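Let me give you the structure first, and then I'll get to my questions.
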Amino acid sequence: SVVFCYDVSSGINAEYGGGRYDRSKSLQQNIQLSAPIMSRFDLFFVLVDECNEVTDYAIARRIIDLHSRQQESVEREYTLDEIRRYIAFARKFKPRITKESQEFMIEEYKKLRQRDANAMSKASWRITVRQLESLIRLSEAMAKMVCEDEVMVGHVKEAFRLLSKSIIRVETPDINLEEEDPAMTREPDVMETEDGEQLRITFEEYKKISHMIIVHMRDFEEKTREQDQGALRKSDLLDWYISQIEDELDGEQEMIARKNIAEKVLERLIKVDNVLLEISGGDSPDSPFLVVHPNYIIE
């Protein structure tokens, strides 16, 4: 089963923003469904009604043509009767999951579980055996769609892609870099910058910066393991990050701004996500040594 959440004035998230989908809140907060109920659906997709001149014109033109009964404007590859016959025929297939596909399903499910275990994951529900059951149903559906008697690895890959895409849509609100506690996402008064604006970046940008830093730290730990010097200072990490994006910077002001964002990302990785650990001691309390949590798994 699939849930499509529409961003319309009569939407199911009317409590938040008068029917508009609030990107700053999780999917669960927008559609007001409990986690146990959400876990019963295989896929979630959010369709946001954003203003776009080209898209709006195309939709309006299509609707007007349909109401004007201009049948020549409606191009169909297949007739409704052909589609009905195809669906009826595809439903007759009962695909069997091959041994190779079974092993692949297990590995993909383990990946979902590992991602869910990472502190940085903000999914609206926990990854349980229900998602494994969803993966099985979607894989079988993919095989039926192409009228195959066996569920192949390719079918499982496509099913996993759909499932991952759906979960990613749930867990990608913008990141408020000023918060120090996850509970602050539900508080109306959050910390603001000096100019009165909240410092926010997209989830994708947050993942990009944090991934760069964590991979660099893990590489450094591996290279210096025998020397027992597997920790980097916070200031050294910031300087390294700026050196990596130096070609993208346009002047000193942007460099300061990007460094400030990177510093906030580090603080969030330490205080909110618990991905990085501070090592006490040393002669520079403002720039402590940092290490990656030993249980953190890099995606």
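How many of the residues in segment 280-296 are open to solvent by 40 Å² or more (accessible area, probe 1.4 Å) and at pLDDT below 80?
Here the count works out to 8.
Cβ-Cβ below 7 Å, separation at least six or inter-chain, first residue in segment 100-116 and over 15 Å from M152 (Cβ atoms), second in a helix (DSSP H, G or I) and modelled with pLDDT of 85 or more: which pairs?
What qualifies is Y109/L132; Y109/L135.
Quick check on my filter: what residues within segment 130-154 are touching a Pro at 6+ places or on another chain (Cβ under 8 Å), part of a helix (DSSP H, G or I) and either farther than 19 Å from K92 by Cβ or of a type outside the set (K, R) (or both)?
Within segment 130-154, E140, A143 meet the criteria.
Taking E299 as meeting all but one of (1) within 22 Å of E205 (Cβ to Cβ); (2) open to solvent by 40 Å² or more (accessible area, probe 1.4 Å); (3) modelled with pLDDT of 80 or more, write down the number of the exception.
Only one criterion is unmet by E299, namely (3).
The values are calculated or read from the model by the stated rules, or taken from the named source; none is laboratory data. Nothing here was measured: the structure is a model prediction, and the numbers come from that model. As a convention, Cβ positions derive from the backbone with ideal geometry for all residues, glycine included, and neighbour counts pool all protein chains shown. Just so you know, the surface numbers come from the protein's heavy atoms only, side chains and all, with ligands and any DNA or RNA stripped out. Shrake-Rupley method; radii C 1.70, N 1.55, O 1.52, S 1.80 Å.
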